[in-house]
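Report on one structure; see the data block that follows.
The values are calculated or read from the model by the stated rules, or taken from the named source; none is laboratory data. Bear in mind that the values here come from a model prediction, so they are computed numbers and not experimental data. As a convention, Cβ positions derive from the backbone with ideal geometry for all residues, glycine included, and neighbour counts pool all protein chains shown.
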Amino acid sequence: MARGVRHRAKTDFGLAVTGIAGPDGGTEEKPVGLVFIALADDAHTEHKRLMIPGDRELVRWRASQAALDMLRRPAVDLIEKRQFFRVDDLCLT
């Protein structure tokens, strides 16, 4: 999914999230709270398997934050390597 998103959107990164947020739909093999996150760039695809506790809303929120953090880390590195600006130099007032 992440590679497909990256290819179709013609972007540096592709991000994908899937899983079982509940309250129904879980099985022994795929219980409620099971989430998979994938991030693709031009070199490779990284993925994580998470078991996130909580109700449907909390599982979805935590999954979204984990996915955004997975994207944030290499994006910051990419920005700094291309020297658009240094994240440490940003002044938000």
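List of remarks:
- Pairs where the first residue, in segment 14-27, is free of Cβ contacts under 8 Å to residues at least 40 places away in the same chain and closer than 15 Å to Leu58 by Cα and the second is of a type outside the set (Lys, Arg) and outside any loop (DSSP other than H, G, I, E, B), C-beta under 7 Å, 6+ apart: Thr18/Phe36; Ile20/Leu34; Gly22/Val59
- Residue within segment 71-86 that is modelled with pLDDT of 95 or more and polar (S, T, N, Q) present: no
- Answer from Phe13, Phe36 - the residue that is touching a Pro at 6+ places or on another chain (Cβ under 8 Å) and either of a type outside the set (Asp, Glu) or surrounded by 12 or more Cβ atoms within 10 Å (Cβ to Cβ) (or both): Phe13
- Residues located in segment 1-45, provided they are of a type in the set (Gly, Ala, Ser), over 15 Å from Pro74 (Cβ atoms) and assigned to a loop (DSSP other than H, G, I, E, B): Ala21, Gly22, Gly25, Gly26, Gly33
- Selection of segment 1-46 for residues being among the polar types (S, T, N, Q) and closer than 18 Å to Gln65 by Cβ yields only Thr18.
- Qualifying residue in segment 49-60 (condition: in contact with a Phe, Trp or Tyr (Cβ under 7 Å, 6 or more places away or on another chain) and part of a helix (DSSP H, G or I)): no
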